[in-house]
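The values are calculated or read from the model by the stated rules, or taken from the named source; none is laboratory data. Values in this document were obtained by computation on a predicted structure and should not be read as measured data. FYI the Cβ positions are ideal-geometry reconstructions off the backbone, even for glycines, and counts take in every protein chain you see. Accessible surface is based on the protein model in full, side chains and every heavy atom, while ligands, DNA and RNA are left aside. Shrake-Rupley method; radii C 1.70, N 1.55, O 1.52, S 1.80 Å.
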Amino acid sequence: MNDRDAGKLPLEALRLHLVTDSALCGARGILAVVDAAVRGGVSCVQLREKSLDTRAFVERARALKAWLGPLGVPLLINDRVDVALACGADGVHVGQNDMAPEDVRRLMPGGLIGLSVESLAQLAAAERAPVDYYGISPVFATRSKHDAAPALGLEGLRAIRAGTRRPLVAIGGIDAGNAAQVMAAGADGLAVVSALCSSADPEAAARDLRARMLPGGRVYG
C-alpha cells in the first residue's frame, strides 16, 4: 500500500470475507452464522444491512463488534460510515455511488477502507483514492445483489489485477467450486455471501473455501 492508504491490517485479514445477508441467514440469525463461519476460517466480516433502520443497524453492529473484537476478526460496515463510526468498526466498504473515499478517510483516518470496482474504466479514478483494497464485483453473476453490474469474469479480474498493486477482494457468485480459479486469476481474497449465509453448515463451508484457496499471497509494503 502507498502512503495514502491508512488501514494497517495485514493482508491475511482480507483473505476470506463473510458479507452478511439477514434473509439468507434466516431463523438462525446473523450472529450464529458469523460464529460458525469464523470458526471455519473467515478472517473478516462485512455487515451489510439494506432494510434495518439506523438504530437497529447500530445495535447489531455493536453486538458483532463486541464479539469479533476479542477474536481479532475485523468488522467492516457496508456503505454506512455513520454506523461504522457509531459502533467503532474497523472500517467501511463503499460503492461507487456511496460517500466519496476522500470523505470517508477524513472521518475514519485510521480505518480500513474498501472500494467497489466494477470495471477497468473505474480503476483509474480508484487508484487516486485513499483506499486500502478494492472489492472487484461481480466476478460471476450473483443473486444476492439485485443492482450488480455485469459480470467481469476471470478475464476481467485478470485485467484489473494487471492495472493495480492494491489488494483485490473478489465477490460475486464465488463458491468452493470456483474459489481456486478466482485466486489464480489475481485475487488476494474472496468475499462471499450465499456460499456461507445459505449453507446448512457455515463452519464446514468456510473451512472448505479456505482449503481450496491458493496458499501464500502478495506482500504489500
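The table for this structure:
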quantity	calculated
Two-site label geometry, Leu11 and Ala27: point separation in nm, points 7 Å out along Cα→Cβ	4.4
Region 1-101 - Debye-derived log10 I(q)/I(0), Cα point model, q = 0.16, 0.18, 0.23 Å⁻¹	-0.68, -0.86, -1.37
By accessible area with a 1.4 Å probe, ligands and nucleic acids excluded, highest first: order of Arg28, Arg166	Arg28, Arg166
Mean projection area, nm², convex hull over Cα of region 49-168	7.9
Label zone at Met99 (point 7 Å along Cα-to-Cβ), backbone N below 20 Å, region 42-76	45-66, 74-76
Among 64-70, 113-119, the order from most to least packed when residues are scored by Cβ within 10 Å on average	113-119, 64-70
Taking the C-alpha atoms of region 176-217, convex hull volume expressed per residue in Å³	61
Heavy atoms of Arg212: accessible area, 1.4 Å probe, square angstrom to 10	110
Where the Cα pairs of the chain fall when distances are cut into 10 Å bins, in %	8, 37, 40, 14, 0
Inverse of mean 1/r across different Cα pairs in region 80-138, Kirkwood, Å	11.5
Kirkwood Rh in Å, taken over all unlike Cα pairs in region 109-180	12.6
Segment Glu155-Ser194, extension gain: residue separation times 0.36 nm, minus the distance between their alpha carbons	11.8 nm
